[in-house]
Amino acid sequence: MLGIALNRRPRLCSDSGQVAVEFLGMLPTIIITLVLLWQAVLVGYTFTLAGNAADEAVRAGTAAQDRQAACEREGRRDLPSAWRGGDINCGAGAGGYVTADVYLEVPVLFPGSVGFPFPRIHGHAGAVEEAK
């Protein structure tokens, strides 16, 4: 029996709860990473929306008499409400070439709340004016 008692050591410290402590220590890093990834998704989505709005605007501007009004109307038609505050400019170049430029603000974390005033996402499209 003496041999069994010598092999047993008293536990001075325990590892129970170590995983919880490590997780709580990493939680701010995990949350910041998720927030940054979500913001990157919003930036990418804004690029997609700006490009699509420019395409729609220039398509409408090639066939309309009142080019600017048609461009703005069609460019804003498919934009979600959080992105409708952007600028849409249409113009005609040499040789009947119509261009549309769309500038959208990137929302901060929640679309519809606050947008970054800088940098604005730029979408550009061009097409040849339709024959009348």
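Coordinate-derived values only; no laboratory data. Remember, predicted model here, so these are calculated numbers, not experimental data. As a convention, Cβ positions derive from the backbone with ideal geometry for all residues, glycine included, and neighbour counts pool all protein chains shown.
As a calculated quantity, the FRET efficiency between Ser113 and Phe23 at R0 = 25 Å, using C-beta atoms, amounts to about 0.25. Size descriptors for region 80-132: radius of gyration and Dmax over Cα atoms are 14.5, 46 Å.
Of the peptides 52-64, 94-106, 78-90, 23-35, the order by per-residue mean of other Cβ atoms within 10 Å, starting with the highest, comes out as 52-64, 94-106, 78-90, 23-35.
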